[in-house]
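All remarks here apply to the structure that follows.
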Amino acid sequence: MASDPVASCLSPAVHYRICKLGFEKKDTYDINNVLSEKGEVCWQAVTEHVYYLESDQSVDYIRSIRSLGPVCESVDLHFKSLTKEQFAAQYALWFHWTNCTKLFLEIFDILQYTQATEVALGLMKLTSCVERALGDVYLLIGTDCPFLLRDLLASEQLAVVFGKAVMDVLRVFIGSPYGLNLRNVLWHGFAAPQEIPAKYCAMLLFLTAGLGQLLQMYLLQTKHTLIHRPYVIFLSLDELDVFPDLNHETLSLAEELVKLSSFVLKAMLPFWMAALTAFRQNRYADCVILLLPQLEVGLRLLFTTTNKCPNRLLTAEPSTLYTTFDEMLAKHLHNGEVNQLPAVLEEPAMEFLWDFLNHQEGPRIRDRLSHGEMNLETFPREVANQIVAFAITLLCRFSDGDIVAFKEHMVIKPLLKCASCYHSQFHPIPRLKKQVLECMKSICLWPKLPTVPEEHVQMFKRFQGNDEASTLMLSEIVSELQQYVPQDCRSSDDPVNSILTERILIELGTRHIRTLYSPRAVLEILLILRKISTQCHRVSEQVIASTEARYKQWVNKALRSRQRQNYLRMLNSMKFLSPVLRLILVLITLELANIHLVCKKNPFDYQQYLKFLKSILQHTENLVTYTSPEKNKWDETMELTNKALMKIRKISGRKLMLMQLVT
């Protein structure tokens with residue numbers, strides 16, 4: 001990339017709205033006009049500063065921002081005149097509705113010193129928290145809370161609680177691309193620290209308290225109780241463990257890299273330094289909130305350079321989309337041309353970004369934080385460590401200067417190696433691999449379950465002939481599969497038990513399968529395969545639970561005669577059900593290894609293949625029903641297992657499955 005020529009990422013019109021428009025009126029505004037003697041926000045006086053266009057009665061944002069400027073200045077000066085104790089005594093109660101009272105008291109502290117980076121950070125946290133709380137209020141009346149803040153503020157539900165005029169005030173500051181749009185310009189990394197006036201942060205703090213006052217009146221009138229949705233919690237932090245733990249030396253080198261790397265715009269340098277400082281101070285949510293927009297800025301700089309569209313670096317006007325992560329990580333540009341950024345970043349970096357930002361089953365860190373879905377006080381170090389480490393690798397990779405010494409440094413080199421080897425963890429392909437392996441592990445527990453002596457089971461073999469025919473059919477299918485599995489996993493003496501094992505799934509699962517930009521047909525097949533795997537796992541868990549419960553009853557002689565017979569039928573069924581379920585899992589894994597070849601099928605073959613997979617899914621769903629404690633139908637389970645096996649045998653004979661794909 002070229003050297004940094006960018007003074008601001010705000011377009012001239014947006015820069016004017018944020019940095020100048022609210023300062024044009026030089027009047028001194030009396031705080032007592034908007035603040036009552038009891039310390040309550042006088043909303044009528046505030047809303048008088050919102051103007052509307054004569055043409056369609058929509059908000060006139062330019063006049064409104066200009067008129068509200070002196071009000072914001074007055075509020076900012078008022079807060080600066082208060083001590084922390086005075087502010088808490090007067091306002092803390094009105095922040096309870098946000099479920100983040102402590103955060104708003106901290107923002108008051110920030111405003112006393114007006115450190116630009118901290119003001120911007122405070123605004124980002126404030127807007128995400130308010131958005132989450134407004135969503136909770138919305139759910140008092142409506143369902144399916146809107147995902148976007150602008151839709152939330154335009155909703156009839158919030159207008160019922162707070163009044164439309166109040167919502168219009170908020171939209172001037174955070175809810176519309178025609179207004180100040182402070183939330184978006186900060187969270188998407190367009191605004192530098194010095195470009196955000198502190199008085200707007202003070203005003204939003206003031207308005208948040210005012211919303212609390214209005215909400216309290218509404219709740220008293222309606223007898224409603226505000227219920228806060230639970231925060232999102234990362235349950236599997238081990239899956240996010242990509243990079244080694246960052247130490248003091250690594251962070252010190254990162255601070256030097258930030259100053260040298262062309263990935264960083266000079267105007268944004270304070271954000272990078274503040275993020276690294278926050279990590280050192282164990283403020284992990286602050287670190288990631290500061291860093292994510294800067295990753296977006298750096299990638300936007302790469303995106304606009306590689307795609308030769310330098311004008312897209314700046315904030316767009318309301319009629320044009322911003323250049324955000326969504327577009328930068330997409331395969332094609334809005335005009336249909338191929339996006340060149342993925343080729344520059346290369347597949348491992350793209351997979352990391354998709355994993356941590358986009359995939360539905362991934363952490364979706366930016367969405368979670370920017371929409372207030374996470375508890376900032378308990379944000380995990382593990383997640384912050386990954387984001388900072390990945391950012392360091394980008395600083396190293398994209399630099400005009402000679403930073404060979406950095407790349408070869410003993411603490412940086414491992415980071416670059418980890419980044420270059422990264423494979424997706426949260427795309428449906430790796431998720432299916434994990435599902436199948438977990439299911440196989442569950443089935444492999446069956447032989448270890450407590451059970452009655454074998455002679456009791458032998459007495460109730462009711463379909464001996466069918467058992468033998470089915471076992472033979474199973475062996476034939478497995479023998480055919482041998483050519484598609486690693487040679488060291490084959491055995492001519494015992495093909496069933498040598499192939500239908502956890503080991504084969506691990507061996508096949510290590511093969512890398514492309515995940516970026518999976519075609520619709522691939523995603524459709526993956527969805528069905530995952531459903532099949534899920535149903536198989538449910539069957540296994542039900543069998544384990546039933547076996548353990550029935551054995552205890554058997555030992556305690558608590559089973560009636562009919563129940564004893566059914567228990568023995570279950571034990572007999574398990575001998576055949578286990579290898580068939582394992583066969584399905586191996587087939588899923590083999591299908592997965594060749595998943596992209598499904599795109600080469602003609603429409604007729606594809607529909608036949610889809611039909612077959614759906615029939616297997618139906619069989620596994622029925623197995624879940626029959627093996628449930630409520631049904632407990634083991635003869636029917638045997639019959640259904642046989643049908644599934646015959647379906648597999650029939651289709652494999654026609655070579656509509658993987659046999660056709662891999663030959």
(request) Scan region 507-531 and report the pairs whose first residue is in contact (Cβ under 8 Å) with a residue 60 or more places away in the chain and among the polar types (S, T, N, Q) and whose second residue is open to solvent by less than 30 Å² (accessible area, probe 1.4 Å) and not in a loop (DSSP other than H, G, I, E, B), with Cβ atoms within less than 6 Å and a gap of 6+ or a chain change. (result) 515/429
(message) Based on this model, can you work out whether residue 353 counts as open to solvent by 30 Å² or more (accessible area, probe 1.4 Å) and either under 19 Å from the mean Cα position of the chain (by Cα) or under 27 Å from residue 119 (Cβ atoms) (or both)?
(response) no
(message) Exactly one condition in (1) over 19 Å from residue 399 (Cα atoms); (2) surrounded by 21 or more Cβ atoms within 10 Å (Cβ to Cβ); (3) not charged (D, E, K, R) is false for residue 303; which is it?
(response) (1)
(message) Can you list residue pairs whose Cβ atoms sit under 9 Å apart, with the first residue in region 303-316 being closer than 16 Å to residue 341 by Cβ and among the basic types (Lys, Arg) and the second being open to solvent by less than 60 Å² (accessible area, probe 1.4 Å) and in a loop (DSSP other than H, G, I, E, B)? Count only pairs 6 or more apart in sequence or on different chains.
(response) 312/322; 312/323
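To keep it simple, each residue is scored yes or no on (1) modelled with pLDDT of 65 or more; (2) within 23 Å of residue 590 (Cβ to Cβ); (3) loosely packed, with under 15 Cβ neighbours inside 10 Å.
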| site | (1), (2), (3) |
| --- | --- |
| 437 | yes, yes, no |
| 443 | yes, yes, no |
| 448 | yes, no, yes |
| 452 | yes, no, no |
| 457 | no, no, no |
| 460 | no, no, no |
| 465 | no, no, yes |
| 470 | no, yes, no |
| 474 | yes, yes, no |
(message) I need every pair where a residue in region 91-114 that is over 17 Å from residue 197 (Cβ atoms) has its Cβ under 6 Å from the Cβ of a residue that is assigned to a loop (DSSP other than H, G, I, E, B) and open to solvent by 20 Å² or more (accessible area, probe 1.4 Å), sequence separation at least 6 or different chains.
(response) 99/228
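Yes or no, residue by residue, for (1) under 39 Å from the mean Cα position of the chain (by Cα); (2) without any contact (Cβ under 8 Å) to a residue 60 or more places away in the chain; (3) more than 18 Å from residue 440 (Cα to Cα):
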position: 537; (1), (2), (3): yes, no, no
position: 544; (1), (2), (3): yes, no, no
position: 559; (1), (2), (3): no, yes, yes
position: 582; (1), (2), (3): yes, no, no
position: 599; (1), (2), (3): yes, no, yes
position: 630; (1), (2), (3): yes, yes, yes
position: 634; (1), (2), (3): no, no, yes
(request) Output the number of residues of region 201-221 satisfying the condition of being farther than 30 Å from residue 114 by Cβ and either among the aromatic types (Phe, Trp, Tyr) or touching a residue at least 12 places away in the same chain (Cβ under 8 Å) (or both). (result) 2
(message) Which condition from (1) within 18 Å of residue 191 (Cα to Cα); (2) open to solvent by 40 Å² or more (accessible area, probe 1.4 Å); (3) of a type in the set (Val, Ile, Thr) is the one that residue 315 breaks?
(response) (2)
(request) Please determine, by comparing only the residues of region 1-25 that are at pLDDT below 90 and surrounded by fewer than 15 Cβ atoms within 10 Å (Cβ to Cβ), which one is nearest to residue 180 (Cα to Cα). (result) 7
(request) Would you please name the residue that is farthest from residue 164 (Cα to Cα), looking only at residues in region 218-253 that are among the hydroxyl-bearing types (Ser, Thr, Tyr) and surrounded by 14 or more Cβ atoms within 10 Å (Cβ to Cβ)? (result) 250
(request) Kindly indicate whether any position in region 417-427 is free of Cβ contacts under 8 Å to residues at least 12 places away in the same chain and out of contact with any Leu (no Cβ under 9 Å at 6 or more places or on another chain). (result) yes
(message) Being over 20 Å from residue 515 (Cβ atoms), in a helix (DSSP H, G or I), in contact (Cβ under 8 Å) with a residue 24 or more places away in the chain and of a type in the set (D, E, K, R): is that true of residue 373 here?
(response) no
(request) Output yes when any residue across region 50-59 is out of contact with any Pro (no Cβ under 7 Å at 6 or more places or on another chain), of a type in the set (Phe, Trp, Tyr), surrounded by 19 or more Cβ atoms within 10 Å (Cβ to Cβ) and more than 30 Å from residue 375 (Cα to Cα), and no when none is. (result) no
(message) Tally up the residues in region 36-57 that are hydrophobic (A, V, I, L, M, F, W, C) and either free of Cβ contacts under 8 Å to residues at least 60 places away in the same chain or in contact with a strand residue (DSSP E or B) (Cβ under 6 Å, 6 or more places away or on another chain) (or both), please.
(response) 3
(request) Scan region 97-111 and give yes if some residue there is open to solvent by 10 Å² or more (accessible area, probe 1.4 Å), of a type outside the set (Ser, Thr, Tyr) and assigned to a loop (DSSP other than H, G, I, E, B), otherwise no. (result) yes
(message) Just to confirm my filter: which helices (runs of 4 or more DSSP H) fall fully inside region 122-170 and include at least 2 residues that are within 22 Å of residue 368 (Cα to Cα), open to solvent by less than 20 Å² (accessible area, probe 1.4 Å) and among the aliphatic types (A, V, I, L, M)?
(response) 149-153
(request) For region 406-432, enumerate the residues that are open to solvent by 60 Å² or more (accessible area, probe 1.4 Å) and either in a helix (DSSP H, G or I) or under 30 Å from residue 542 (Cβ atoms) (or both). (result) 407, 413, 417, 420, 425
(message) Restricting to region 197-217, and then to whatever is among the aliphatic types (A, V, I, L, M) and open to solvent by 10 Å² or more (accessible area, probe 1.4 Å), can you tell me which residue is farthest from residue 369 (Cα to Cα)?
(response) 217
(request) Output yes when any residue across region 603-625 is touching a residue at least 40 places away in the same chain (Cβ under 8 Å), open to solvent by less than 50 Å² (accessible area, probe 1.4 Å) and outside any helix (DSSP H, G or I), and no when none is. (result) no
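The values are calculated or read from the model by the stated rules, or taken from the named source; none is laboratory data. Treat the numbers as computed from the prediction; the structure is a model and nothing was measured. So basically every Cβ, Gly included, is an ideal-geometry build from the backbone, and we count neighbours across all protein chains shown. With ligands, DNA and RNA removed, areas are computed over all heavy atoms of the protein, side chains included. Shrake-Rupley method; radii C 1.70, N 1.55, O 1.52, S 1.80 Å.
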